[in-house]
Amino acid sequence: MEAVEVVPLRRPWLWLASAIVAVAAAALAVSIWRNPHIDHAAVARFQFAPAILAGLRMTLVLALLAAVVGWCLGVLLAVMRLSASPVLRIAAGAYTWLLRGTPLLVQILIWGNFALLFDRIGPFDTNKLITPFVASVIALGLNEAAYMAEVVRGGVLAVDRGQADASLALGMSKALAMRRIILPQALRVILPPAGNQFISLLKATSLVSVIAGGDLLTAAENISSANLKTIELMLVATFWYLAITTLTSLGQYVLERRLARSGTGIA
Amino acid sequence: MLVARGVHKRYGREEVLKGIDLEVAAGEVLCLIGPSGSGKSTFLRCINHLERIDAGRIVVDGETVGYREHGGRLWELRERDACRQRASIGMVFQRFNLFPHMTALQNIIEAPMRVRGEPRTHATERARALLERVGLADKADAYPSRLSGGQQQRVAIARALAMQPKLMLFDEPTSALDPELVDDVLDVMRGLAEDGMTMVVVTHEMAFARDAGDRVAFLDGGLVVEQGPPAQVLAQPRHERTRAFLARVLGTGAAR
């Protein structure tokens, strides 16, 4: 019998909706591009200015340091939450409640003004010890730890209980089982939200501008307060934030794909 | 080899084990049968102290499991000692519980290396021999996700054997398997029994209990209702509850 040609379903309304969205997006882009109030030359000039690049470097440094502090402390807090001691559990729970229940901005302001609370720490003058940079790292790191604690705890709980049973039945201690069996499996569940946390952290670093943390936004604001080209400098900052978050998202995607392929159970 | 006296266990308000008395001699195979909720799996998990007990005691090879006697009372052992005891009691689970991020071979060498400090080459050699013994020598580098249920369970048995246990516990080892895969696993277990391993098997496979078991114990409501040789318990049960259970499971009042 002759093969009959198959005609796919025609969707006229979908085509119309797509056309409308495309036209609207193009119109928006054109209106921004053609806007006489935007000094495009200024944007181009400042995009790679040394002060901006220094701020960008600081943003990345802050994010990485806060991530390291946050993730290490987060794992510790998660283990405390899962421990047999009610004191450790409550302490970790209280920490998470406090740090997640208050705005990061407020926490940054507190650490930035720490000298008002303690003007000396041991033998050190607080202002010299807790510089805006140090205050930024502490604030971001401690805040990150509270969120990572929940992510890690969720990951550990997601691992099938039978894995713990089998590990213990073989004579492994809880610590050995956690290290060799549970945490490696938890990593697969932890990685996507951890990646999202890092991307949020990259953006959250912009908040340290309120204590003159020296990040990308601080640099952009310093320049715009001098030359009054606020929108242009905000566009400069926007492009850089987009660049680093997009690259990080790509890296996260690649890492997740790589982890899924290493035979961790899903063929 | 195994002596359980007056074992009680509670979950909250509910008493799951109401005084279990059982004995297993060295080299003997004891099959535990009974309806779900009767406490068979719970009791099995108490034998290697995966679960705590509330009263009574369990003694394996002369040593009280999980507790130390002092001043007339039983004190829970420190983790290090409990681990040492667990290392010489092997356990096979209904859902295999293989480590998915390791190959079959890595699954088997993990505990001997990390718990007993065995060198890798030696552990690997023994692991290959064990895989050979369960008929999976060619699957050494396969991940669990690539193995059938029956193959996974056989690897799990090899993994438990790698620690050279004195006693092997089986918690419904074939309940999660497709019928055609069950025999492969039961054959391995029969082989173990013939080699003289002391085994406690919670199972619904009455044919296995009859052929490979030295004794069968019927549990119901947290107590041992009846125990004896398979020919007696399965074919001529003395208690009404045993009869009723066997009738439901086998379709007749006796093992076929």
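Structural remarks
- Exactly one residue out of A:V151, A:V137 is more than 14 Å from chain B (Cβ to nearest Cβ) and either of a type in the set (G, A, S) or within 20 Å of A:P193 (Cα to Cα) (or both): that is A:V151.
- Test for B:A104: is it more than 9 Å from chain A (Cβ to nearest Cβ) and either among the polar types (S, T, N, Q) or at negative phi (or both): yes
- Residue in region B:175-184 that is of a type in the set (D, E, K, R), more than 30 Å from B:H101 (Cβ to Cβ) and more than 14 Å from the chain's Cα centre (by Cα) present: no
For (1) in contact with a strand residue (DSSP E or B) (Cβ under 8 Å, 6 or more places away or on another chain); (2) at pLDDT 85 or above; (3) among the charged types (D, E, K, R), each residue gets a yes or a no:
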{"residue": "A:E221", "(1), (2), (3)": "no, yes, yes"}
{"residue": "A:S224", "(1), (2), (3)": "no, yes, no"}
{"residue": "A:N227", "(1), (2), (3)": "no, yes, no"}
{"residue": "A:T248", "(1), (2), (3)": "no, yes, no"}
{"residue": "A:G251", "(1), (2), (3)": "no, yes, no"}
{"residue": "A:R257", "(1), (2), (3)": "no, no, yes"}
{"residue": "A:A260", "(1), (2), (3)": "no, no, no"}
{"residue": "A:I266", "(1), (2), (3)": "no, no, no"}
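- All conditions but one from (1) under 26 Å from the mean Cα position of the chain (by Cα); (2) in contact (Cβ under 8 Å) with a residue 40 or more places away in the chain; (3) more than 28 Å from B:M163 (Cβ to Cβ) apply to A:S200; the one that does not is (2).
- Within region B:62-101, the set of residues being hydroxyl-bearing (S, T, Y) and facing another protein chain (nearest Cβ under 9 Å) comprises B:S88 only.
- Number of the exception - B:G37 against (1) surrounded by fewer than 17 Cβ atoms within 10 Å (Cβ to Cβ); (2) at pLDDT 90 or above; (3) not in a helix (DSSP H, G or I): (2)
- The residues on offer are B:A127, B:A160, and the sole one that is surrounded by 22 or more Cβ atoms within 10 Å (Cβ to Cβ), in contact with a strand residue (DSSP E or B) (Cβ under 8 Å, 6 or more places away or on another chain), over 29 Å from B:A235 (Cβ atoms) and within 14 Å of chain A (Cβ to nearest Cβ) is B:A160.
- Yes/no for B:R248 being of a type in the set (D, E, K, R), part of a helix (DSSP H, G or I) and over 19 Å from the mean Cα position of the chain (by Cα): yes
Listed here are the residues, each with its yes/no results for (1) farther than 19 Å from B:G213 by Cβ; (2) small (G, A, S).
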| site | (1), (2) |
| --- | --- |
| B:V92 | no, no |
| B:T103 | yes, no |
| B:A111 | yes, yes |
| B:G135 | yes, yes |
| B:I157 | no, no |
| B:L169 | no, no |
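- Of the set (1) surrounded by 20 or more Cβ atoms within 10 Å (Cβ to Cβ); (2) over 20 Å from B:E172 (Cα atoms), all apply to B:T42 but (2).
- Residue within region A:156-177 that is β-branched (V, I, T) and over 30 Å from A:Y253 (Cβ atoms) present: no
- Members of region B:172-186 that are part of a loop (DSSP other than H, G, I, E, B) and surrounded by 19 or more Cβ atoms within 10 Å (Cβ to Cβ): B:E172, B:P173, B:T174, B:L177
- A search for C-beta distances below 9 Å between a residue of region B:228-241 that is without any contact (Cβ under 8 Å) to a residue 60 or more places away in the chain and any residue that is loosely packed, with under 13 Cβ neighbours inside 10 Å, counting only pairs 6+ apart in sequence or on different chains, returns B:G228/B:R238; B:Q232/B:R238.
- Residues satisfying the stated conditions in region B:114-124, i.e. at negative phi and more than 10 Å from chain A (Cβ to nearest Cβ): B:E118, B:P119, B:R120, B:T121, B:H122, B:A123, B:T124
- Inclusion of A:T245 among residues that are in contact with a helix residue (DSSP H, G or I) (Cβ under 8 Å, 6 or more places away or on another chain) and either among the hydroxyl-bearing types (S, T, Y) or away from chain B (no Cβ under 14 Å) (or both) is warranted.
- B:R248 falls short on exactly one of the conditions (1) farther than 25 Å from A:L170 by Cα; (2) surrounded by 16 or more Cβ atoms within 10 Å (Cβ to Cβ), and that condition is (2).
- Residue match in region A:166-176 (condition: more than 14 Å from chain B (Cβ to nearest Cβ) and surrounded by fewer than 21 Cβ atoms within 10 Å (Cβ to Cβ)): no
- Residue check for B:G191: farther than 25 Å from B:C83 by Cβ, surrounded by 19 or more Cβ atoms within 10 Å (Cβ to Cβ), among the small types (G, A, S) and modelled with pLDDT of 90 or more: no
- Selection count, region A:63-85, where residues are part of a helix (DSSP H, G or I), of a type outside the set (V, I, T) and within 22 Å of A:R179 (Cα to Cα): 11
- Close pairs from region A:253-267: first facing chain B (nearest Cβ under 7 Å), partner part of a helix (DSSP H, G or I) and modelled with pLDDT of 55 or more, Cβ under 6 Å, at least 6 apart: A:T264/A:R188; A:G265/B:S145; A:A267/B:S145
- Taken over region A:177-221, residues that are out of contact with any Ser or Thr (no Cβ under 6 Å at 6 or more places or on another chain) and either over 24 Å from A:L65 (Cβ atoms) or within 11 Å of chain B (Cβ to nearest Cβ) (or both) amount to 10.
The values are calculated or read from the model by the stated rules, or taken from the named source; none is laboratory data. Since the model is a prediction, treat every value here as computed from it, not as a measurement. No Cβ is skipped: glycine too gets one built from the backbone with ideal geometry, and neighbour counts run over all protein chains shown.
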